[in-house]
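Each remark here refers to the structure printed beneath this line.
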Amino acid sequence: MKRRMVHFFSTGLAALALTLGAAGTAFAGPATDVVKGKQTALFDLIKQSTPAGEKKIAALFEEMLDYPGLAEGSLGTEWAARSDAEKAEFSGLLKQLVSKAYERNLKKILNYDVQYVSEEGSGGAMLVKTKAKSKTDEREEAVEIIFKMVQKGGAWKVGDIVTEGVSLVSSYRSQFTKIIKKDGFPALIQKMKDKLAAG
């Protein structure tokens, strides 16, 4: 069952490991407080399901996620090779993919318990370690999800998510690099547009 859970939280163009349910056991720490506070607010808004709530969800994503860092990290060495226009287009598309997948996955797991396990520094970032477990299926083992928090403009933001040892940014970078090397950067952009068009 754990293998199924890990697959559910796996990274890719279609789904992102950015999902946690209602808060469980609390762990005190500045970065942890940001993750917990934003997640709690997101779930409250999703449960309300109103047009005004959708705008607030987008605003919370903007506050919570380091979109520029995710974009640069996801392209890796390819980032420097791109023009400003290419960087801007890629970043805009990735932002849409991330936010859509995030909200979609949040809706799927409203009934998860989250335990905030610890918070520790690592290379200038703070790692907020959590464990998520289904409330409805006791057979499913808890999945470890680590939020890599970085400070941008004096605020803590999510720079990466590691699920059972699998990094979101590294996973994206591997996928994107393969596409670019095989078919070129325009092909990656088109695949991202196709994914967004498909919903």
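The values are calculated or read from the model by the stated rules, or taken from the named source; none is laboratory data. The structure presented is a predicted model; accordingly, all values stated were derived computationally and were not measured. Using ideal geometry, Cβ is built from the backbone for each residue, glycine included, and neighbour counts are taken over all protein chains shown. When the accessible area is computed, the model is the full protein with side chains, heavy atoms only, and any ligands, DNA or RNA have been set aside. Shrake-Rupley method; radii C 1.70, N 1.55, O 1.52, S 1.80 Å.
Are any of the residues in segment 97-105 of a type in the set (Asp, Glu), surrounded by fewer than 18 Cβ atoms within 10 Å (Cβ to Cβ) and out of contact with any Ser or Thr (no Cβ under 7 Å at 6 or more places or on another chain)?
no
The set of residues from segment 1-57 being of a type in the set (S, T, N, Q), at pLDDT below 75 and under 30 Å from Lys191 (Cα atoms) comprises Ser10, Thr11, Thr19. Any chance you could count how many residues in segment 110-127 are at pLDDT 80 or above, over 17 Å from Ile161 (Cα atoms) and outside any strand (DSSP E or B)? Qualifying residue count, segment 110-127: 0. Of the residues making up segment 141-158, not a single one is among the polar types (S, T, N, Q) and open to solvent by less than 70 Å² (accessible area, probe 1.4 Å). All of Ser91, Ser122 fail the test of being open to solvent by less than 70 Å² (accessible area, probe 1.4 Å), touching a Pro at 6+ places or on another chain (Cβ under 8 Å) and within 15 Å of Gly159 (Cβ to Cβ), apart from Ser91. What are the pairs with Cβ atoms under 8 angstrom where one residue, in segment 139-168, is assigned to a loop (DSSP other than H, G, I, E, B) and the other, located anywhere, is of a type in the set (Phe, Trp, Tyr)? Sequence gap at least six, or different chains. Final answer for the pair search is Glu164/Phe9.
In this entry, Lys131 is excluded by the filter for residues that are more than 18 Å from the chain's Cα centre (by Cα) and either modelled with pLDDT of 90 or more or outside any loop (DSSP other than H, G, I, E, B) (or both).
If the condition is being within 20 Å of Ala132 (Cβ to Cβ), of a type in the set (A, V, I, L, M) and either surrounded by 16 or more Cβ atoms within 10 Å (Cβ to Cβ) or modelled with pLDDT of 90 or more (or both), then segment 161-199 contributes Ile161, Val162, Leu168, Val169.
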